[in-house]
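Have a look at the structure below, then the notes.
Every read-out reported here was derived from the displayed coordinates using simple, explicitly stated rules and does not represent laboratory data. Just so you know, these numbers come straight off a predicted model, no measurement behind them. Please note: Cβ atoms are built from the backbone with ideal geometry, for glycine as well, and neighbour counts cover all protein chains shown.
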Amino acid sequence: MAELGLCSRREADEWIVNGWVKVDGVVIDTLGTRVAPDARIEVSGSAQQAQAESVTIILHKPVGYVSGQAEDGYEPAVVLVKPENQWQEALQDPTQPKFKRGHLKGLAPAGRLDIDSTGLLIFTQDGRIARQLIGEDSRIEKEYLVRVEGDLSEEGLRKLNHGLELDGVKLKPAKVSWQNEDQLRFVLREGRKRQIRRMCELVGLKVTGLKRVRIGSVVLGKLPLGEWRYLRPGEQF
């Protein structure tokens, strides 16, 4: 089901356990059941309704929070998703749903942002969005503003755009240009661990600040640091 783009693997497990999936007309409620590639898969309306009610949250992550599970004494950024941190300006928007504790159930980060980085971080209950953003075949652009120290040659800038490798694997082409005299703009279509910082090190630069400002067509905009809002109806990555 995940390969067909119907849901995430986590959602697929939940739907199967709930008896919401039929294979060739027979309800399948056992995880790990093998099916033929040409099998007819049907999903009940209950699963589709649950997916339609799922939420996606846009957070402006501060430095000092990890994207996923707590580690080394640092809190996960999801702890900031609480009523008092909801962006007041978004609360004036009638299309924004009212916060419910149920919106935290199964809410997972769709991608990561380093502990010492700030900016746009996505949390979602919707497996389709998670797959779109972090699936192996994802083509979604992610844009960053990166403050650096050091001298960057024309050859170094060329390598940042295409020509570097990390851990023996060549990086996909990027779009890197000067935003101002001490800040670079990076646009990537992949997200290797600490990729931008490591790329900069390879060309003699030290990153002193990194902020993600866009994922696909969703921008951080005026969202204040440490606050969050819901993905708007019609807003797509």
Out of Gly25, Ser153, Ile115 - ranked by how far each Cα lies towards the positive end of the dipole of the stretch 1-157, with unit charges on the beta-carbon of charged residues - the top one is Gly25
Listing Ser54, Ser44 by rising number of other beta-carbon atoms within 10 angstrom, fewest first, gives Ser44, Ser54
In this structure, among Lys105/Lys175; Lys142/Lys222; Lys61/Lys175; Lys172/Lys211, pairs with alpha-carbon gaps over 26 Å are Lys105/Lys175
Counting only DSSP loop positions in the stretch 132-162, the GluC sites (Glu not before Pro) whose Cβ has at most 10 other Cβ atoms within 10 Å are Glu136
Dividing the helical contributions, -39500 (n - 2.57) per DSSP H run of n ≥ 4, by the residues of the chain yields a 222 nm value, nearest 500 deg cm²/dmol, of -5000 deg cm²/dmol
For the stretch 14-138, the convex hull over Cα atoms projects on average to an area in nm² of 10.3
Percent relative contact order for the chain, counting Cα pairs under 8 Å at least six residues apart, stands at 23
Square roots of five times the C-alpha gyration tensor eigenvalues of the chain, ordered largest first and given in whole Å, equal 36, 23, 15
For the stretch 60-76, Karplus-derived ³J(HN,Hα) couplings (6.51, -1.76, 1.60; θ = phi - 60°; whole Hz; x for glycine and proline) come out as 8, 6, x, 4, x, 10, 8, 6, x, 5, 4, 8, 6, x, 8, 7, x
